[in-house]
Amino acid sequence: MSLVVVGSMAFDAIETPFGKSDKIIGGAGTFIAWCASNFVPVKQISVVGGDFPQEELDLLTARNVVLEGVQIKKDEKTFFWSGRYHMDMNSRDTLVTELNVLADFQPVVPESYQDCEFLMLGNLAPSVQLSVINQLKNKPKLVVLDTMNFWMDIALDDLKAVLKHVDVLMVNDSEARQLSGDYSLVRAAQKIHELGPKFVIIKKGEHGALLFHEDKVFAAPALPLEEVFDPTGAGDTFAGGFIAHIAKTKDISFENMKTAIIVGSAMASFAVEKFGTQRLREISVSDIHDRLQQFVQLATFDISLV
């Protein structure tokens, strides 16, 4: 089994109604790796600057994350993002974006990654995502891609090009509407299918997630949390839990994807409890098991059909 993860490794500075962080470790690839490594080994593709702490790389290595595909540009700075969340936590303002090493990132897939069976393309420029696909000698069993409205605004043609090679697309509800041009999420998913992905996952934040495949639909709940401390990285953590369950079970059926969405939702519910990746560093296997049981109870009921 080989899971390859592509995504940014970054610094974030976050402000929420519950507090403020100084510069902390973030990035889509980082969240995905911290999450997925609870279930399977990870082979990481990313880029960092000389200012990225070696101890952070060592911690990931200790968790079975292979970093051969992570470029370290010693004379440059790591990608930095700063944002402020509003009271509802679903909307935020970007305060600072410094692309730094990401500005001209050319990913290189190491030879040892060519056994890739499952590919998770975290939120990055579509041209970078496509470059990784093109460097793989064999098509993986499953290619999952996460993207956002930013790329739809500035690189829509590139995004459509990469979607032709993708099995599962992850977007939130507003992104699904923007990409499809349709307000109905059911019709939006149908139109996205036509762009390439056989499966479409629409994330709805605190309202759960939807999985579409052909004429089938699955609605997954989100765990009602008393406090959402920091939603940064929740979608990336969701992606990490999803792909890790698929890679662990090697089952790409619709039924197993339903379970994978629950695993992703459970992991994302941890991520929002503290700033950055802090909570993901603390959780144990038993914590994950208990949280999954909460999801089972959340969605289980008996009914007598009249």
Quiz item: Rounded to the nearest 5, what % of the DSSP beta bridges within segment 113-271 are antiparallel ones?
Solution: 45
Quiz item: For the chain, what is the percent of antiparallel DSSP beta bridges, rounded to the nearest 5?
Solution: 40
Quiz item: For PHE238, PHE39, PHE11, what ranking results if the residue with the fewest other Cβ atoms within 10 Å of its Cβ goes first?
Solution: PHE39, PHE11, PHE238
Quiz item: Using alpha carbon centroids, what distance separates segment 53-118 and segment 166-193, in Å?
Solution: 26
Quiz item: Residues with beta-carbon under 15 Å from that of TRP81, excluding TRP81: net charge, scoring Lys, Arg +1 and Asp, Glu -1?
Solution: -3
Quiz item: Quick one: LYS164, LYS43, LYS23, fewest Cβ neighbours within 10 Å first, how do they rank?
Solution: LYS164, LYS23, LYS43
Quiz item: What list do you get for THR232, THR30, THR94, THR16 if you sort them by fewest beta carbons within 10 Å?
Solution: THR94, THR16, THR232, THR30
Exercise. Percent of Cα-Cα pairs per 10 Å bin, from 0 to the last occupied bin, for segment 3-298, please list those.
Key: 6, 31, 39, 22, 2, 0
Quiz item: Hey, which of these cross-link pairs are over 18 Å Cα-Cα: LYS141/LYS248; LYS139/LYS164; LYS160/LYS191; LYS139/LYS204; LYS164/LYS250; LYS141/LYS198?
Solution: LYS139/LYS204; LYS164/LYS250
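Read-outs: derived from the displayed coordinates by stated rules, not from any lab. Everything numeric here is computed off the predicted structure, so don't read it as measured data. Note: ideal-geometry Cβ built from the backbone for every residue, glycine included; neighbour counts use all protein chains shown.
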